[in-house]
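A quick write-up on the structure given underneath.
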């Protein structure tokens, strides 16, 4: 990813206006992202492990390091009651 990414805290997610990433993902990339989100949820629930999530907003790409508690078809629920739309997520790193 060649884009500048600004790190934010999970408490700042409430102020974000989410957008889909500019890049159009292949079917394989979408499946891989969803697999990583599911694994992040398992790690969060069983070990309270944090993951890095890069997502797109109207102000550009943002990065948050947090615990994923749940995933649905459209959103991921993070520790602290914050959420991110799955369509806005560009990358998930579980190997931090």
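Only the coordinates and a few stated rules stand behind these numbers; no lab work does. All of these numbers come straight from a predicted model, not from anything done at the bench.
If you run the Gaussian network model on the chain, springs between alpha carbon atoms under 10 Å, then out of 73, 63, 29 the most flexible one is 73.
Taking only Cα atoms and a 10 Å spring cutoff, compute GNM fluctuations for the chain and point out the largest among 54, 22, 68. For the chain, modelled as a Gaussian network with Cα springs under 10 Å, the answer is 22. The stretch between residue 19 and residue 95 holds 24.8 nm of extra length on full extension. This uses 0.36 nm per residue minus the Cα-Cα distance. Under a Gaussian network description of the chain, with springs only between Cα atoms under 10 Å, the residue in 45, 56, 34 that fluctuates furthest is 45.
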